[in-house]
Amino acid sequence: QSVLTQPPSVSAAPGQKVTISCSGSSSNIENNYVSWYQQFPGTAPQLLIYDNSKRPSGIPDRFSGSKSGTSATLGITGLQTGDEADYYCGTWDSSLNAGVFGGGTKLTVL
Amino acid sequence: QAQLVESGGGVVQPGRSLRLSCAASGFTFSSFGMHWVRQAPGKGLEWVAVISNDGSNQFYADSVKGRFTISRDNSKNTLYLQMNSVGADDTAVYYCAKDVGQGYRMEGVVLWGQGTLVTASS
């Protein structure tokens, strides 16, 4: 099991908004930066959000990140069929002294 | 532009060793923390190891601690992963990756290599 818990799958219609949750603990999410990644089959992951809510250059503002306590959330608005991918949260765990990823969430745009 | 290119993957017999390399270009390598992240076939991302920008700090996942060693040569802009006592559970695509920060606390992995496949098989 992953240290960070994500729903295995989420779905929504094109144009709608979806949120993906990432639940952790005081040793990871609450006291460290959270990042989010998008991965298409057969390709390397791409950073969507870092430092909880910052977007790297080139990432559209349809993608947003937030954190509250021991949980973090990725929001995607204006869903497109091209957003269908796996999404992962990641952070540092200060007790394990290790990086950790969530188990991943498969987004389906119906 | 910034780029990471891994090499050294392949088929390795269980119990043997393998060294992965990652050549960095297009950015100031010595200014950033670097990670190895792996992904077993059909599975999610698994963080493996991190080294700070100056090499003074290294940390490992429990699954590889004592068997794998991360290192870097800032004069050659190259990251390494020495893998010893490789087992079936180590079969995965291994990604070399650059953090947004200089430390080790995984602020965000902003640049990824294309990955190199390691297969432990007799």
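Please treat every number below as a calculation from the coordinates, not as lab data. In this text, all values refer to a predicted model and were calculated from it rather than measured experimentally. Here the Cβ is made from the backbone with ideal geometry for all residues, glycine too, and neighbour counts use every protein chain on show.
Descriptive notes on the structure:
- Options A:Gly65, A:Gly90, A:Gly78, A:Gly99: the member that is of a type in the set (Gly, Ala, Ser), touching a residue at least 60 places away in the same chain (Cβ under 8 Å) and crowded, with 19+ Cβ neighbours inside 10 Å: A:Gly90
- Members of the stretch A:72-110 that are more than 10 Å from chain B (Cβ to nearest Cβ), of a type in the set (D, E, K, R) and part of a strand (DSSP E or B): A:Lys106
- Elements of type strands (runs of 3 or more DSSP E) contained in the stretch B:44-122, each with 2 or more residues being more than 12 Å from the chain's Cα centre (by Cα), in contact (Cβ under 8 Å) with a residue 12 or more places away in the chain and more than 10 Å from every other protein chain (Cβ to nearest Cβ): B:116-120
- The condition of being aliphatic (A, V, I, L, M) and over 19 Å from B:Met106 (Cα atoms) holds for A:Ala12.
- Boolean, A:Lys67 is basic (Lys, Arg), within 12 Å of chain B (Cβ to nearest Cβ), closer than 21 Å to A:Val10 by Cα and not in a loop (DSSP other than H, G, I, E, B): no
- Close contacts from the stretch A:8-22, counting a first residue that is more than 18 Å from A:Ser66 (Cβ to Cβ) and a second that is charged (D, E, K, R), with Cβ to Cβ under 6 Å and a gap of 6+ residues or different chains, come to A:Ser9/A:Lys106.
- Hits in the stretch B:15-33 (condition: more than 19 Å from B:Thr69 (Cβ to Cβ) and either surrounded by fewer than 16 Cβ atoms within 10 Å (Cβ to Cβ) or in contact with a His (Cβ under 9 Å, 6 or more places away or on another chain) (or both)): B:Ser25, B:Gly26, B:Thr28, B:Ser30, B:Ser31
- Sole exception among (1) closer than 28 Å to B:Leu4 by Cα; (2) charged (D, E, K, R); (3) surrounded by fewer than 19 Cβ atoms within 10 Å (Cβ to Cβ); (4) within 14 Å of chain B (Cβ to nearest Cβ) for A:Glu30, by number: (1)
- Qualifying residue in the stretch B:19-33 (condition: over 14 Å from the mean Cα position of the chain (by Cα) and within 22 Å of B:Ser121 (Cα to Cα)): no
- Sole exception among (1) hydrophobic (A, V, I, L, M, F, W, C); (2) more than 8 Å from chain B (Cβ to nearest Cβ); (3) crowded, with 16+ Cβ neighbours inside 10 Å for A:Phe40, by number: (3)
A quick yes/no check of all residues on (1) more than 12 Å from the chain's Cα centre (by Cα); (2) under 15 Å from A:Tyr87 (Cα atoms); (3) among the small types (Gly, Ala, Ser):
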{"site": "A:Leu4", "(1), (2), (3)": "no, yes, no"}
{"site": "A:Ser26", "(1), (2), (3)": "yes, no, yes"}
{"site": "A:Asn31", "(1), (2), (3)": "yes, no, no"}
{"site": "A:Val34", "(1), (2), (3)": "no, yes, no"}
{"site": "A:Pro45", "(1), (2), (3)": "no, yes, no"}
